Every structure is written in structure tokens, then in C-alpha cells.
């Protein structure tokens with residue numbers, strides 16, 4: 001009898017241990033399982049989220065977030081951006097503004113003896129925390145492992161610390177640390193590769209990441225102003241998104257040309273303007289030439305998206321550097337970052353994302369030939385209108401920056417009978433839809449008088465099947 005009891009007790013004990021181990025395994029997997037990551041759509045034009053839905057990239061730029069803000073400030077920043085509708089935060093591990101020799105808010109340096117193979121655990125624990133906080137708010141982190149002056153000095157403070165060998169080690173270190181987080185890896189950092197060694201460094205860092213993350217996380221590259229990532233790494237399989245920088249050096253810069261050039265590349269990738277003109281940034285870095293305003297950043301966003309982009313990145317000159325009184329102002333920063341959080345352009349990026357996500361924006365393809373007038377005038381590039389239609393010809397979207405009358409082709413949709421509505425990108429509101437036959441009237445007059453800043457978005461639909 002005792003023998004059978006002992007056997008029964010042993011089996012119950014084994015079952016108890018099994019259940020405990022199973023429960024532990026489930027908890028462990030939930031804690032440590034890889035967050036669902038972004039991936040590329042089947043047609044390679046846009047991104048897909050963890051739910052299989054088209055992901056409209058709407059990024060904010062916070063290059064100095066890791067380097068300059070403490071935890072309380074970081075929470076303020078991240079919560080503000082999440083509420084405004086941003087879903088990606090662009091930031092840097094080894095920051096531009098003397099990030100190797102000036103510590104973070106806790107006075108921790110990122111590396112020991114400026115050696116990428118000797119990361120300082122305290123510094124990266126803070127980065128761990130920032131990424132987790134962002135992810136909890138539904139924000140992906142577009143993480144630059146380093147700013148570009150650490151491999152190509154140019155106008156930066158550096159110092160140069162990378163070679164091909166330690167770049168791969170550093171990339172692998174970060175990948176092991178963040179392979180389970182919602183990360184998009186962004187190599188470069190406002191620098192173009194100018195030598196064979198520069199390319200070896202970038203490819204080695206990409207290899208270090210790729211060997212760990214495989215295809216579970218996307219990798220891209222952030223180049224200098226006026227250039228596109230694929231111009232330098234177009235043949236590399238690791239380049240998943242074709243980022244470009246339209247930059248800050250010209251009033252009315254036609255960023256749509258860079259979007260179009262990438263969109264027409266035979267090797268198709270999603271294209272995004274990762275650094276357009278920043279709100280409250282002096283034009284060409286010279287206050288005497290004026291400042292980029294909300295209209296400028298708004299126009300750059302709609303121009304790019306309606307030229308084929310998979311989303312857009314916004315930047316504010318004060319926020320990228322987290323400027324406040326007492327800090328050296330880079331390029332005439334003039335507004336404390338806390339105040340700049342609520343500049344008009346940031347709200348309007350959220351309005352834009354909402355507008356596009358209410359339609360099947362991923363079906364859009366650029367079609368400039370639909371706009372019969374006004375024609376693009378090289379002396380008035382700032383007034384250029386842009387348009388796209390869905391690949392099933394059910395709807396079209398047009399951006400009119402100066403509120404000019406726009407005349408469209410009559411045959412670009414499946415039917416000439418359409419519903420149209422005006423969307424105000426300044427306040428995020430649409431006017432009531434109206435029916436029209438394009439064969440009778442194909443000219444559309446935006447509300448208000450034509451002038452700079454009276455920009456409008458025109459949405460035309462054959463029917464409501466595009467509405468989610």
C-alpha cells in the first residue's frame with residue numbers, strides 16, 4: 001500500500017513540477033518574445049505592421065533624446081508625440097552633440113575609453129528604458145547606432161572611432177540587446193560614404209545586426225541632404241527602406257523630385273523623406289533668409305506622400321537637439337523644446353496621418369499627368385500641385401499648396417461621376433462631400449483666396465468602398 005501511495009505521490013509531484021515549468025515557460029515567453037516587427041509589403045511600396053495592416057510611417061525626430069533628456073523629460077516627450085499621432089521616433093545611441101565625451105542626463109558616457117567594443121552598461125540601460133517606454137506607447141524606435149561623424153568626421157566633433165571590425169562587433173552588441181524590441185535600424189547619420197573604408201564600416205555594422213536579427217527587423221540608411229540611401233547602398237540586400245534627406249538648405253525645395261527618383265528605381269523599396277525641412281529652422285541655416293514654418297513642413301509631407309512615399313518624418317529644429325535655455329543653441333535654435341512640442345506642424349502631421357489612414361492610402365500611385373492645370377512652373381516650384389490615384393481607379397488625392405484652382409483629366413477614375421470633399425490640412429477637418437460629373441465640370445476651386453499657406457487636399461471618390 002505504501003508503495004502505491006509513494007508512486008502516486010511521485011506522479012503528482014512530477015505533474016506539479018511540469019505545470020509549474022509550463023507556467024514559467026509561458027510567462028517567460030510573454031516577457032521575452034519578440035515584439036511583432038514591421039515588414040515590407042508584397043509590392044515593396046510600403047510597410048506592414050504586426051496586424052498585417054498597412055503602416056503609415058509618421059516619425060518625429062529626436063536625435064538628442066537619449067543623450068540629453070532624463071526619464072521624467074523623456075516621458076513628457078514620448079507621451080506628447082504618441083498623443084499627436086506619431087508612431088516612430090528617430091533617435092541616436094551615440095549622439096551628434098559631443099555624445100562620446102559628454103555624458104547623458106545621469107552623466108554616463110556610452111563607451112569606455114571611446115571603444116565601441118567596450119559599451120558602458122549604465123548608459124545602455126538608460127537606452128533600454130527609453131526604447132521600452134516608447135514601445136509601450138505604441139511607438140517604434142528608428143535607432144541610429146551612431147551619428148555619422150564617428151566614421152566620417154566632416155563638420156562634426158567625432159572623434160572617428162569605427163573601423164570595419166569594431167563596427168560589426170558594435171552592431172551585433174546592439175542587435176542582441178534590442179532584437180526583441182520594436183526597432184528599425186538606421187545606419188549612417190547625416191553622412192555619405194566617401195571612401196571604400198566608409199562603405200566597409202557601414203556594411204560591417206549592417207552585417208553585425210543582420211546576423212542576429214535576420215529578417216525580423218528592418219535596416220536602412222540616413223544620408224546627407226539632397227541624397228538618397230540607394231545611391232550608395234542600392235545593391236545591398238540589407239537596405240530595406242530607401243530613406244532620403246531633402247534637408248534645410250533651400251526655400252521651396254522640391255523634395256518630391258527625390259521621392260520620384262527613388263520611386264522609379266528598378267529595385268523597388270518603400271521610400272521616405274527622413275529629414276525634410278524642420279519647423280522653426282532657419283532657411284539655409286541663415287535667419288536672414290527666413291524660417292521654415294508649419295506650411296513648409298506640411299507641404300513637404302504632402303508633396304512626398306503624393307509622389308509615392310510610404311510615410312514621412314517630421315522634425316522641429318528645437319526638438320531634435322532638445323534645446324533649452326542654458327544650452328548652446330545649434331544653428332540659431334530659439335524655442336525651448338518643451339514649448340516647441342506644441343508647434344502647429346506637429347499637430348498637423350497627426351491630422352495628415354488620420355486623413356490617409358481613413359482611405360486605403362497604400363493603393364495610391366503618383367500620377368502627375370492627371371493635373372492639367374496649374375502646370376508646374378520652374379519659377380514657382382513652391383506652388384506645385386501633386387496628385388495620386390488608387391491602383392483600382394476608385395479614388396484620387398490632390399494637394400494644392402497655394403489654394404489655386406485645379407483642372408483635372410475627366411477620365412482618370414472608373415466613372416466620371418464622383419463625390420469630392422475638401423480636407424483642410426491646417427485644422428484636420430473635412431468639408432461635406434459633394435457629387436459632380438467630371439464630364440460637365442472638371443475644375444475645382446479650393447475655399448478662400450489663392451495665397452501661400454491656403455493649402456487644401458482634394459479627395460475624389462467614385463463611391464464609398466475605399467472608406468474603412
Matching label for the computed Rg/Rh (Cα atoms, Kirkwood Rh), out of (1) 1.05; (2) 0.99; (3) 1.44, is (1)
Quick one: angle between helix 196-213 and the longest Cα principal axis of the chain, in degrees between 0 and 90, rounded to 10, please. 60
If I take R0 = 51 Å and measure r between the Cβ atoms of residue 114 and residue 231 in this structure, what FRET efficiency does the formula 1/(1 + (r/R0)^6) give, to the nearest 0.05? 0.95
Would you mind telling me the antiparallel percentage of the DSSP bridges in the chain, rounded to 5? 60
Could you work out how far the C-alpha centroid of segment 211-252 sits from that of segment 333-364, in angstrom? 22
Euclidean distance between Cα centres, segment 147-208 to segment 85-100, Å: 14
Counting other C-beta atoms within 10 Å, which of 379, 74, 434 has the fewest, and how do the rest follow? 379, 434, 74
Going by C-beta contacts inside 10 Å, put 391, 252 in order with the fewest on the left. 391, 252
Contour minus Cα-Cα distance for residue 137 and residue 415 (0.36 nm per residue): 95.8 nm
Shape of segment 363-466 from its Cα gyration tensor (a ≥ b ≥ c, root eigenvalues): rounded if a/c is under 1.5, otherwise prolate when a/b > b/c, or oblate? prolate
What is the calculated FRET efficiency for residue 288 to residue 44, with r their C-beta to C-beta distance and R₀ = 45 Å, to the nearest 0.05? 0.55
Segment 301-377, relative contact order in percent, only Cα pairs under 8 angstrom and at least six apart counted: 32
What distance in nm separates the simple spin-label points at residue 153 and residue 80, each placed 7 Å from Cα in the Cβ direction? 3.6
Given points 7 Å out from each Cα along the Cα-Cβ axis, report the residue 393 to residue 426 separation in nanometres with one decimal. 3.7
Quote the FRET efficiency, to the nearest 0.05, computed for residue 194 versus residue 439 with a Förster distance R0 of 51 Å and r equal to the Cβ-Cβ distance. 0.35
Cα-based helix-to-principal-axis angle, 71-84 vs the chain, degrees rounded to 10: 40
For the chain, take the longest principal axis of its alpha carbons; what is the angle in degrees between that and the long axis of helix 121-136, to the nearest 10 within 0 to 90? 50
Expressed as a whole-number percentage, the relative contact order of the chain with C-alpha contacts under 8 angstrom and at least six residues apart is 11
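Quick note: the coordinates plus some simple rules give every number you see, no bench work behind them. Just so it is clear, the model here is predicted, and its values are computed rather than measured. Glycine gets a Cβ as well: all are built from the backbone with ideal geometry, and neighbour counts include every protein chain shown.
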